[in-house]
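The next block holds one structure in the form of structure tokens; read it before the comments.
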Amino acid sequence: MSFKAIAVDIDGTITSMDRKLDLIAIESLRNLNVPVVLSTGNILCYAHAAARLIGVGGIVIAENGGIVSPGFDTVPIMSESIKECQRAFDILSDKFNLIKLDSEHRKTEIVLRRNFDVGHARQMLHDYGFKVEIIDTHFAIHIKSKEINKGTGLIKAAELMGIGPKDFVAIGDSVNDIEMLELAGFSIAVDNADIELKQIANFTASSSYGAGTAEGITYLKEHDLI
């Protein structure tokens with residue numbers, strides 16, 4: 001089977017932990033003969049800037065699936081989950097000294113510095129019955145809707161492209177990539193990936209970060225999967 005597109009996370013998957021792009025991974029993505037969709041927990045302008053810098057397709061998934069954009073000059077498809085996330089933030093703020101990140105640009109979720117007890121915060125939101133979840137991507141803490149994720153973003157991106165989620169290969173490193181990898185037809189985890197991701201991946205690279213993504217793409221080519 002040959003897959004028709006690649007969905008790939010950015011931070012920790014094609015970058016190092018200091019967010020430097022891996023040039024070998026970038027070259028591997030540029031040389032593909034199938035569309036590449038960047039899928040990130042970061043903000044939309046970051047996703048579009050990365051897509052242009054890397055030289056891949058126009059469709060991007062941002063804010064962990066909360067935003068799917070058909071292209072740089074188009075109107076993005078956006079969830080309406082920010083109000084519930086803000087209510088959860090207000091409750092947690094009574095207990096923790098929370099510091100928002102990119103707050104002026106976030107449209108569907110709230111992102112925080114990693115300086116508080118996430119386990120305690122999760123229990124508080126569970127006790128209050130919030131329909132949001134807290135995700136730690138190792139770069140930041142995300143308060144996001146339980147109903148929105150990179151998997152739902154992948155479904156919408158596939159729809160825009162006229163294909164199905166199973167036509168994608170998905171590549172990632174963190175727990176916020178789980179739904180995307182589960183929905184894709186083939187999944188790749190880089191070696192620095194969270195254990196939960198490695199457990200569901202069809203292929204786990206022996207290399208970390210961008211080198212792992214390049215290794216995964218080589219595996220796909222050697223097995224005629226793209």
Might you let me know whether segment 180-200 holds any residue that is over 19 Å from Met17 (Cβ atoms), β-branched (Val, Ile, Thr), free of Cβ contacts under 8 Å to residues at least 40 places away in the same chain and surrounded by fewer than 20 Cβ atoms within 10 Å (Cβ to Cβ)?
yes
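Looking only at segment 210-226, filter to residues that are in a loop (DSSP other than H, G, I, E, B) and in contact (Cβ under 8 Å) with a residue 12 or more places away in the chain; which one of those is most open to solvent (accessible area, probe 1.4 Å)? Break it down into steps so the answer makes sense when it comes.
Keep residues of segment 210-226 that are in a loop (DSSP other than H, G, I, E, B), which gives 223-226.
Now drop any that are not in contact (Cβ under 8 Å) with a residue 12 or more places away in the chain, which leaves 224-226.
Values: Asp224: 107, Leu225: 26, Ile226: 52 Å².
Selected residue: Asp224.
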Inspect all residues belonging to segment 195-209 and state whether any of them is within 15 Å of the chain's Cα centre (by Cα), in a helix (DSSP H, G or I) and closer than 15 Å to Leu29 by Cβ.
yes
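Of the residues Val111, Val75, Val60, which single one is modelled with pLDDT under 95 and β-branched (Val, Ile, Thr)? Full working, then the answer.
On the way: Val111 fails: modelled with pLDDT under 95; Val60 fails: modelled with pLDDT under 95.
After applying the criteria, what remains is Val75.
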With (1) part of a strand (DSSP E or B); (2) open to solvent by 10 Å² or more (accessible area, probe 1.4 Å); (3) closer than 14 Å to Ala7 by Cα as the list, and Ile135 as the residue in question, which single condition is left unmet?
(3)
Mind checking whether some residue in segment 87-101 is out of contact with any His (no Cβ under 9 Å at 6 or more places or on another chain), surrounded by 20 or more Cβ atoms within 10 Å (Cβ to Cβ) and in a loop (DSSP other than H, G, I, E, B)?
no
Within segment 183-190, identify whether any single residue is closer than 22 Å to Lys144 by Cα and not polar (S, T, N, Q), and answer yes or no.
yes
Just to be sure I understand the filter: pairs with C-beta atoms under 6 Å, separated by 6 or more residues or on different chains, first member in segment 96-113 and touching a residue at least 12 places away in the same chain (Cβ under 8 Å), second member among the hydrophobic types (A, V, I, L, M, F, W, C) and part of a loop (DSSP other than H, G, I, E, B). Which pairs pass?
Phe96/Phe116; Leu101/Ala140; Asp102/Ile43; His105/Ile43; Val111/Ala140; Leu112/Leu98; Arg113/Ile99
Only one of (1) of a type in the set (Lys, Arg); (2) within 21 Å of the chain's Cα centre (by Cα); (3) over 19 Å from Gly172 (Cα atoms) is not met by Arg30, so which one is it?
(3)
Of Val60, Val36, the only residue that is closer than 23 Å to Ile135 by Cβ, of a type in the set (Val, Ile, Thr) and within 16 Å of the chain's Cα centre (by Cα) is Val60
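Among the hydrophobic types (A, V, I, L, M, F, W, C) and either surrounded by fewer than 16 Cβ atoms within 10 Å (Cβ to Cβ) or modelled with pLDDT of 95 or more (or both): is that true of Ile163 in this structure? Give the steps one after another, and end with the answer.
Numbers: among the hydrophobic types (A, V, I, L, M, F, W, C): yes; either surrounded by fewer than 16 Cβ atoms within 10 Å (Cβ to Cβ) or modelled with pLDDT of 95 or more (or both): yes.
Yes, satisfied.
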State yes or no: is Asp177 under 17 Å from the mean Cα position of the chain (by Cα), part of a helix (DSSP H, G or I), under 25 Å from Ser208 (Cα atoms) and modelled with pLDDT of 95 or more?
yes
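The values are calculated or read from the model by the stated rules, or taken from the named source; none is laboratory data. Predicted model, so just to flag it, every value in this text is computed and none were measured. Note that we place each Cβ from the backbone using ideal geometry, even for glycine, and neighbour counts take in every protein chain shown. All accessible areas refer to the heavy atoms of the entire protein, side chains included, with ligands and DNA or RNA removed. Shrake-Rupley method; radii C 1.70, N 1.55, O 1.52, S 1.80 Å.
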